[in-house]
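Structure first, commentary second.
The values are calculated or read from the model by the stated rules, or taken from the named source; none is laboratory data. Just so we're clear, the structure is a prediction, and the values are computed from it rather than from any experiment. Here the Cβ is made from the backbone with ideal geometry for all residues, glycine too, and neighbour counts use every protein chain on show.
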């Protein structure tokens, strides 16, 4: 089992920058592209530092922040990599990330924001979602990430119809997206049981979020859900998520705690070959503590 860190660090001197569409709209185009280029290079440099830190800390996976190239898909201030003055240097740095991750078997992934919704009844929402997924696939190809994970989206009063829309949108996605796309059970709308038939039909991997399963149960026990989700990966290493509730399971269980309570890691995960992203507020400190608490028992 490998444990993964999600996007940011708490103690390590690694940071990522962003900007807003409003700030870029107020700039002349050439100046705006210089600003974006500087940010993208900074982020590429720090992504390389992030993978190095993960390797040093014994962390086996890293979820890359979605706005690595900020506002790239924005309809007014968007850009292509080749538009940036430092495009070659940025590409080279991301190539170094890919090489380092491959050398040390550090699995890279993306988890686009909640506004990526393939199940939406609104065509413009789906179009924007596809554009975002194409952007993530571009980054994934450059750094060697093999997973782009999204949620099922909303129910819109008819869950079966929403799932059908998701499936139809999936079939129209380009190959570099579908080869990496996965879907995750959530804590409100879509359970493992809801998503499994679609995942089986489409050959779409299901990321099993244990915390969401406990918040939004579907009658499957934790071991059953783990096994069924793992089978959708068709021989690839499955992805799962783990977190603990900040206020305990008897209060509001949805907010994440700083660290993982070892009791929240299912016993049936012991000995499984899988990637487990640790979703905890203490970031790398939480991942390292969990690995120490488990002390090789997983």
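Between 10, 33, 48, which is modelled with pLDDT of 95 or more and more than 30 Å from residue 278 (Cβ to Cβ)? Working first, answer last.
Details: 10 fails: more than 30 Å from residue 278 (Cβ to Cβ); 48 fails: more than 30 Å from residue 278 (Cβ to Cβ).
Criteria check complete, one pass: 33.
Are there any strands (runs of 3 or more DSSP E) wholly within segment 181-290 with 2 or more residues that are without any contact (Cβ under 8 Å) to a residue 60 or more places away in the chain and either crowded, with 18+ Cβ neighbours inside 10 Å or within 21 Å of the chain's Cα centre (by Cα) (or both), and if so which?
181-184, 206-209, 239-242
May I ask you to list pairs of residues, at least six apart or on different chains, whose Cβ atoms are under 7 Å apart, with the first in segment 5-18 being within 18 Å of residue 37 (Cβ to Cβ) and the second being in a loop (DSSP other than H, G, I, E, B) and at pLDDT below 95?
Sorted first by the residue in segment 5-18, then by its partner, the list stays empty.
Residues in segment 91-145 that are farther than 25 Å from residue 39 by Cβ and in contact (Cβ under 8 Å) with a residue 40 or more places away in the chain: how many?
Our first condition is that a residue be farther than 25 Å from residue 39 by Cβ; within segment 91-145, this holds for 102-105, 107, 117-127.
Next cut, in contact (Cβ under 8 Å) with a residue 40 or more places away in the chain only: 102, 104-105, 107, 118-121, 126.
Total meeting the criteria: 9.
Would you be able to tell me the number of residues in segment 130-150 that are buried (at least 23 other Cβ atoms within 10 Å of the Cβ) and farther than 20 Å from residue 4 by Cα?
1
Could you please let me know if residue 63 is within 22 Å of residue 18 (Cβ to Cβ) and out of contact with any strand residue (DSSP E or B) (no Cβ under 8 Å at 6 or more places or on another chain)? Outline the logic, then answer.
Values: within 22 Å of residue 18 (Cβ to Cβ): yes; out of contact with any strand residue (DSSP E or B) (no Cβ under 8 Å at 6 or more places or on another chain): no.
The answer is no for residue 63.
Provide a single number: the residues in segment 19-31 that are surrounded by fewer than 13 Cβ atoms within 10 Å (Cβ to Cβ) and closer than 29 Å to residue 149 by Cα.
So the count comes out to 2.
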